[in-house]
Structures are given as C-alpha cells and as structure tokens.
Amino acid sequence: MTMLNKPIIALALAASVFIPTQTTLAETTQKNATMAGSDIPVMVEQAIAAGVNHTYGGPWEFFVGGGVATMDCNGDRRPDIVMAGGANPARLFVNKSPTGGALKFEEKALGLSVKETKMVSGIYPLDIDNDGHKDLILLRVGKNIILKGGENCSFTKANETLAFDGGKAWSTAFSASFEKDQKFPTLAFGNYIDRDAPGSPWGTCHDNILIRPIGGKSPDYSNQTLLTPGYCTLSMMFTDWNKSGTPALRISNDRQYYRGGEEQLWHVDAGQPPRLYSRADGWQKLTIWGMGIAEADLNNDGKPEYALTSMGDTKIQSLDSDADGQPIYRDIAWERGATAHRPYTGNDLKPSTGWHSEFADFNNDGLLDLFIAKGNVEKMPDFTKFDPDNLLLGQHDGTFAEAGKLAGIALKTRGRGATIVDLNMDGMLDLIVINREAPASIFRNTGGKTKSKPRPMGNWLQIELQQNGPNRDAIGALISVKSGNVNRTRKISIGGGHGSDSLGFVHVGLGVAERAQVRVKWPDGSWSAPYRVFANNFVVIKKDDADARYWYPQ
C-alpha cells in the first residue's frame, strides 16, 4: 500500500501496476450483471437516519485502518456495532432495529477513558474467556487493548486481568484460532511501520506477534512470540489451506515499506514454535500492496480461495491443480472478471486502491458475491480519486459481474474496513463501510431492483453454532449446507479483511430451494449428523444436540 508520510510525498507507479486503457468496463460490467439474470440488491444508505454519525480520521497514521466489528453484546442476537475512529474516539452502537424495518441504533459508552478510545485502527470480536459474552480486541497506534464483555453491552479493560501487554507498536491486523487441546484462543497481532526506527518509514517494519495462552483457569497472555521478519502487515488470518485440520497463519504485507519482503504463510503447529513456509515447502514469492484477505471455497473442492486486495488490482488465488500438497497458487481474478483494478463508473481511468474484501451472498441466489472497499490513500495523484466500492455479483458460470452502481453503493467516499451482516434480521445482508475523513456508511438491503419498489429475492438460512466449554462460538468450524445437488460451505473464523470482522449468525443464500440439509464439521474434526431445516429461518445448532432449533426474531 502506497502511503503518504510527513511531508506528503507523491509516489510513482511501480511497473507491475496495471495501467488501464481508454476503454472503460463500466457500462459493460453493469450490463452483464443485468443480462445474466442476477437480482441486483437495492442498497439504501441509512447511517445518519439510523443514529450513526461517525467518522474515522486523523493524520498519516490513519491513512490505513478504519475497522468495524459487529457482534451481539446484549443477548438479543441482533448485531451491534463498534467502530474505530482513528484520532476520533471509537464508538459502540447498540442495535434497536425492528425486524424487517428501518435501521436504528443507540450509542452506549465503551467503558474506557476518552484517551483510550482514541488511536484505534481496527476492532475484532472474540469470546476469549468462554463466558458467553463477546470481548473486543482494539488495535491501536500504541498500546492495544482487550475489552472484556459483560451483561447488556458493558465492557471493561482486561489487559491486566489477562496478563496482556498491549505493547507500543502500530497494530493493523489480527486473527485468532483455538489450537488443539487449548482452552483459550491463540492471538496473532500484525504490526505496521516502526515509526521510531532510524530512516523510518522505508524498510522499517515491526515484527508481528503470536501469543499462545498459558494454561490455567483463566487466560494468561504474558508469553509473546515474535513472528520475524515482519513486512508491514495490513491483514492476517488463520486458514486451513490444505484441509489438514491445523490452520496456518496467512499474512498480507504492504510492499511499499519493506525491503526484500513478500506475502507470508506460517506453520502454527500445536506445541511447536511458529515457522515460515519456505521455497522448499512450495511457497512462491508474491509482493503486492497487501491490504485485505478474504477466503471462500469458490469451486467446492474443500480448499479455500483467497481474495487479496492491493493497489492496482485484486488477486484471487486458487490452489494449483498440480500443487501436490504444497501452497502453490495461481491467480484466477482475470478469468473470473474480478480484478477490480480501476473504477467501474466515471471517467477517471487511473488504478484503484482496494482495502477490505469479503465474500457474501447479497442477493440470496446461492452464489457468493465479492465486496471490495475502495478509496485513495489520501491524495495520491497516480491513483484514481473517485474509487467507488465494488459489489461483484457471482454468476452461474463462475465469473463475477459488477453491480455497485446499480445497487447504490458507488458513493464518493474513501472506503476502508467493512462488515457484511443482516442488521434488521430480514434475511438480507446489509453493509457497513468505514470511510476515511467522512461519515461511515450503513447500507440497508431492501430487496431486488425493479422499475418501481424492490421485491423479495431468493431464499436463505442463517446459522448460529454453539458448543459447551472452550471455543463456545466454534471458531474454525465448517458449515455445509446442501439443497438439491448443490453444496455450499461457510467457515467460522476471526481475522482477514481490513481491521474488521463479525461474529454471529452465518448467512447462506439458497436461491429457489425451500429446504436444506445442514452438517457441521466442528473444530475438533468431528462431523455432526445432518439437520434438515426449512428455508428462511434462523437456525441454532448446538454440538451433540440431536435437533437444530429455530430462533424467531421479535
């Protein structure tokens, strides 16, 4: 990611950046989405009307970051929102939206001093101590903070209780995983530029940190392991790339600030020190302005594909058919129509700048779509100024077609982090986008586009997993949903994106299917029996229960 330092520096494009021609794809991609028969979701921006007027801003340290977390913090199963503010305070908004109605939120204090709520770049939800309340990890320029969740959306600072030293680095990425036989999660923190190093910022990247819990009745995070070298990380996620049952840690790095660096993949085997995948393991060198990671199994082979955002283009990596057990990937973004390398509307044909990426089914047709938050770093003259967010709708032939303008999300803002979640429990996914130096956007999904009012789209399921003891939210579980001859999978994970994540119901579009069969591969590797459920329901599945339960929002 090309960033500006003090004073502002205009940086030339590297030769590897795609330079667009004078032929724009704007009308073509918009037309393709309509011609393919896809429902175009009508996304209506309602943030201010919903009671959320929040801006992420500040000096050059906050050109990156801008995260948002969603989770249920008061037990009503509606997603509540916590937004990073940068130089402004981070803020909590409790969801009061009526089922199927207009969005509504009420602000509540976070339980920190005003000073501690500032300097926050990213936020992640996680039940660290297995008490059933969602905790929060606040990534900061300076000391990171863990907030312990309590009743009725109350939070208290827990660094001392958890023996967690928040450090003083510039933290910009996070992921968590429950390792085998561990009661509490392993935490990974990604750090950016070392601002205090001589010659900063060029080549001066902080090491990243892995923290495994020390055994006991309560979490103890005093034992930190450096992941070195660090290459100015902006996104990381634990991912079971090879179906081994042991997630590795994938890290996306900003090529602008490291010397001799690359994207990274770490072995994180239980009871063993973390170890980088090397050329001998099959890892191939890749250097991008890495900002966000999203994963999904696009070809139903049981192994995830990855969407990597960057400046100039987005890469979608798929494990090579000749990989033979090694992490050897090929880029399929071009053949899938998802490079997102320049704006799809307007006349500015300079390269785009991608940040948060996330796969989700916005129109409930059973096909995964890809959202990418876009926005110029600050005032970079070699990159487009008007860089609308992408909504790439999945097509039946495996490609994607751009529908951002038709859907209504092509705003003149500079997107950063985001989450995709059903805010008013109507079965349609809504969208939250944090914008730099502009109010955050909250888009309500109102249904399929028509010439008059929106209409209902396809069928859906939303699934919540529960298990007793450690890892109550089943981080690492795989959900398999079969309708007819089609199988769709979702993975429960914490990490990836750009400073943002959600924890709660997992959404699956079903298209025209009216019922489905759900199976769960739990984090311990065991498979559940099949649960037969009806579409358009919220389903709660508890490990070892014979039946799934329906939950009906009030």
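The values are calculated or read from the model by the stated rules, or taken from the named source; none is laboratory data. Keep in mind it's a predicted model, so treat the numbers as computed, not measured. With ideal geometry, Cβ positions are generated from the backbone for all residues, glycine too; neighbour counts draw on all protein chains shown. What goes into the accessible areas is simple: the full protein's heavy atoms, side chains included, and nothing from ligands, DNA or RNA. Shrake-Rupley method; radii C 1.70, N 1.55, O 1.52, S 1.80 Å.
Here are some conditions: (1) part of a loop (DSSP other than H, G, I, E, B); (2) within 24 Å of residue 417 (Cβ to Cβ). Residue 306 meets all but one. Which one does it not meet? It is condition (1) that residue 306 fails.
Only one of the numbered conditions (1) buried (at least 22 other Cβ atoms within 10 Å of the Cβ); (2) more than 12 Å from residue 254 (Cα to Cα) is violated by residue 207, and that is (1).
Checking each residue in the range 513-549 for being open to solvent by 80 Å² or more (accessible area, probe 1.4 Å), within 17 Å of residue 461 (Cβ to Cβ) and not acidic (Asp, Glu) picks out 515, 519, 532, 534, 549.
Of the residues making up the range 130-154, those that are open to solvent by 10 Å² or more (accessible area, probe 1.4 Å) and closer than 15 Å to residue 73 by Cα are 130, 131, 132, 133, 134, 148, 150, 151, 152, 154.
Among the residues of the range 432-456, the one identified as outside any strand (DSSP E or B) and buried (at least 24 other Cβ atoms within 10 Å of the Cβ) is 440. Among the residues of the range 182-202, those that are part of a loop (DSSP other than H, G, I, E, B) and either β-branched (Val, Ile, Thr) or modelled with pLDDT under 90 (or both) comprise 195, 196, 197, 198, 199, 200, 201, 202. Only residues that are in a strand (DSSP E or B) and closer than 18 Å to residue 337 by Cα were counted across the range 384-431, and they come to 8. Restricting attention to the range 220-262 and to residues that are in a strand (DSSP E or B) and open to solvent by 40 Å² or more (accessible area, probe 1.4 Å), the residue that is farthest from residue 329 (Cα to Cα) turns out to be 224. Going by what's in this entry, would residue 292 be described as open to solvent by less than 20 Å² (accessible area, probe 1.4 Å) and modelled with pLDDT under 95? Taking the combined requirement at face value, the residue does not satisfy it. Restricted to the range 457-551, the set of strands (runs of 3 or more DSSP E) holding at least 3 residues that are β-branched (Val, Ile, Thr) and over 22 Å from residue 136 (Cβ atoms) comprises 537-542.
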